[in-house]
Amino acid sequence: MRIDWGLLLLRGALLVYALALVNTFVPVLSGSRRSARLTPLLAASGALLHSGALIALGVSLGRCPLGTLPEVLSVLAWTLALVYLVLVWRFRLEVLHAIILPVILLVLFVSLLLPGGVVPMTGPIRPSLLRVHITVIVLGVAALCITFAASLVYVLVDRALKAKRPARFFLALPSLERCDSICRTSLYWAFSLLTLGIITGSIVSATLTGHYWSFRSREGLAILAWIILAGVVVARLGWGWRGRKPAILTILGFAAVFLRMLGI
């Protein structure tokens, strides 16, 4: 019986990511901070298994593993895991454990459940252009996930401060200023990449169907998300918006993008 190493490694990555998420809450329950150091190590092990799964899948298929929606979602989860690890080790943002790891698990779990519909790539220009489009979208969504995480933390910390909760509740969380700074930087990257993704997507659509826009609900979600994020960018740059309002709007924009990525 032939072993499907790609699927085996992917399931292993899912298990290790889940262990990393469970370990995130151990310090909260035990009161000890020592086990918190294990979470990024588990996540890194999951990312290593995930990398092996993608390589094994690419070798078995004889192509870049970006030809189906499950493959794209798997690459998105892998990219998000790498970005998460860089941010945790560079800025010591431990709060990302409880926010980004569930997103990684959800995206990877959905990728294992969805049927593998192949993205049509016929014609001389479509394969390379479609891969560029997908790569840009994946990077843009990964950046937007970081924006979402920082925005959610901002809302939680702001709410805790206004409610005069005990300091222990948000002692380990970044300051409001740091959250806002992360939101702003990652949002600019996410918006730029998603804008490029929409442009390349319309070109791909034109090569496949002869129309730049198909007016389906999924495309409507993408445009709605882009309008929300564009509004936040303009408000930040032009009117100096900071804090709670752009954070909430960014969360709404992320929700629309995430639903679009799941094919809803």
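Once you list every other residue whose beta carbon is under 13 Å from the beta carbon of E71, what net charge do they have if Lys and Arg are +1 and Asp and Glu are -1?
Numbers: positive: R63, R131; negative: none.
So the environment of E71 carries a net charge of +2.
Once region 41-114 is represented by equal point scatterers at the alpha-carbon sites, with solvent omitted, what log10 I(q)/I(0) does the Debye formula produce at q = 0.14, 0.23 Å⁻¹?
-0.44, -1.02
Within 10 Å, count the other beta carbons around each residue, average over each peptide in 56-65, 73-82, 12-21, and list them highest first.
Numbers: 56-65: 15.0, 73-82: 23.3, 12-21: 19.9.
Highest mean packing first, the order is 73-82, 12-21, 56-65.
FYI, it's all coordinate maths here, none of it is from the lab. Everything numeric in this text was worked out from a predicted model, so none of it was measured. Using ideal geometry, Cβ is built from the backbone for each residue, glycine included, and neighbour counts are taken over all protein chains shown.
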